[in-house]
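Notes follow the structure.
Any read-out appearing in this document is the output of simple, stated calculations on the displayed coordinates, not a laboratory observation. Just so you know, these numbers come straight off a predicted model, no measurement behind them. Cβ: placed from backbone, ideal geometry, glycine included. Neighbour counts: every protein chain shown.
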Amino acid sequence: MTPEVPDRDDWFSEELGFPRPDWQAVSGWMQAQVGQADLHASWQQAARHWLTRLRNGLGGKYAMAESAHFHLLSELELSQQDEQLKFLETIRIRLLDTLGDIAWAPGTGKHVVLRFTEQDDYFAYLSYFYPDGNYATSGGVLLSRGYVHVAYPAATANYERAVLAHELTHNLLCHLPLPRWLDEMLAMLFQAQIANGGAPAMNAELAEQHYAFWDASRIQQFWRGELFRTEEGQELSYGLAGVLQVLILTDLRPSPEKFRRFVLRAKWHDAGALAAREELGIKLGDLVGRFLGSGDWSPAEPLWPGKSEAVPG
């Protein structure tokens with residue numbers, strides 16, 4: 001019989017208006033009390049305790065729903081909950097079929113998706129996970145601290161599907177130490193295949209914006225992933241990641257196996273430069289140069305002085 005996971009008050013703190021689980025304490029209890037065969041069911045119990053407290057804190061008509069691989073917390077009507085869960089299960093299958101053994105398969109607990117009705121609640125919830133600062137607007141996010149989960153604010157049905165396809169891609173790749181640009185490139189690629197949207201379509205006006213924006217300093221911020229969160233650089237950073245997607249898939253045309261090896265070998269600490277040279281046969285600076293022209297576009301070495309092991313959060 002699966003051990004009953006306690007719903008302990010000392011495992012939760014109230015910070016910035018929401019119950020915040022101490023996942024390290026929960027994990028420690030699991031290691032001491034739960035056998036390997038029961039871990040999946042026990043983590044489901046722990047997630048339900050967390051989501052019950054979060055539901056009670058949000059109030060309103062928030063309710064919990066489940067499918068085979070997902071927990072969903074939202075104010076959706078019952079029929080809409082079922083529809084959303086069916087969509088999540090569908091895109092999970094499609095992503096697993098596409099990613100194969102690249103995909104994360106934890107085997108413990110279900111994916112968690114939080115749909116916030118109010119934008120204010122969404123951004124208040126996110127404030128715990130990000131340092132103070134000015135960030136661009138957000139239509140959804142994968143939060144990897146503690147129990148990995150997706151959060152997003154309510155929007156139109158089509159927009160929500162695009163967000164879920166994008167963020168679930170991040171979820172299934174979160175075990176890999178990918179550079180931010182490649183992680184976003186893959187998420188946009190699968191978003192376009194599964195729902196809609198993806199990389200913004202390039203035109204002459206947008207290209208001119210890129211030519212005016214990128215320089216030797218900003219390209220390093222792009223390789224480090226810093227510009228993806230800023231108001232100034234977010235849109236053009238996603239756009240440049242989309243350009244690299246097109247250049248890789250239509251100009252370089254690596255075989256599926258080469259592209260798979262590239263993704264598996266790409267590391268955040270050099271922005272994937274070594275993997276690009278050895279698996280795609282090109283320097284990242286030269287790849288960017290095909291779009292921006294001649295310039296100092298290569299990732300600096302090292303990108304993060306003094307850091308060689310820890311993946312940036």
Residue by residue through the stretch 28-40, what is 3J(HN,Hα) from phi via Karplus (6.51 cos²θ - 1.76 cosθ + 1.60, θ = phi - 60°)? Round to whole Hz and write x for glycine and proline. x, 5, 4, 4, 7, 10, 10, x, 4, 5, 9, 4, 4
Taking only Cα atoms, what is the 0 to 90° angle, nearest 10, from helix 204-213's long axis to the longest principal axis of the chain? 90 degrees
Computed P(r) (all Cα pairs; the chain; 10 Å bins; percent): 5, 25, 32, 24, 11, 2, 0
Of Q191, Q31, Q44, which is the most mobile in a GNM of the chain whose springs link Cα atoms less than 10 angstrom apart? Q31
Taking only the alpha carbons of the stretch 1-151, the radius of gyration and the largest Cα-Cα distance, Dmax, both in angstrom, are 16.0, 49
May I ask you to evaluate 6.51 cos²θ - 1.76 cosθ + 1.60, the Karplus curve with θ = phi - 60°, for each residue of the stretch 174-189 and list the ³J(HN,Hα) values in order in whole Hz, giving x for glycine and proline? 5, 7, 8, x, 6, x, 4, 4, 6, 4, 5, 4, 5, 5, 5, 4
So how strong a dipole does the stretch 182-258 carry about its Cα centre when Lys and Arg Cβ are +1 and Asp and Glu Cβ are -1, to the nearest 20 debye? 280 debye
Along the stretch 226-242, Karplus-curve 3J(HN,Hα) (6.51, -1.76, 1.60; θ = phi - 60°) to the nearest Hz, with x for Gly and Pro, reads 6, 6, 5, 9, 9, 4, 5, x, 4, 4, 6, 5, 4, x, 5, 4, x
Among T156, T52, which comes first, second and so on when ranked by fewest other beta-carbon atoms within 10 Å? T156, T52
Given the candidates A63, F116, W214, the one whose Cα lies deepest towards the positive end of the charge dipole of the chain, counting +1 at each Lys or Arg C-beta and -1 at each Asp or Glu C-beta, is W214
Ranking W23, W268 by Cβ neighbours within 10 Å, fewest first, what do you get? W23, W268
Got a sec? How would S74, S144 order by Cβ neighbour count within 10 Å, fewest to most? S144, S74
The chain - mean residue ellipticity at 222 nm from DSSP helices (-39,500 (n - 2.57) per run, n ≥ 4, rounded to 500): -14500 deg cm²/dmol
Taking 112-119, 9-16 and ranking on average Cβ neighbours within 10 Å, highest first, one gets 112-119, 9-16
The size of the Cβ-based charge dipole (Lys, Arg +1; Asp, Glu -1) of the chain about the Cα centre, to the nearest 20 debye, is 760 debye
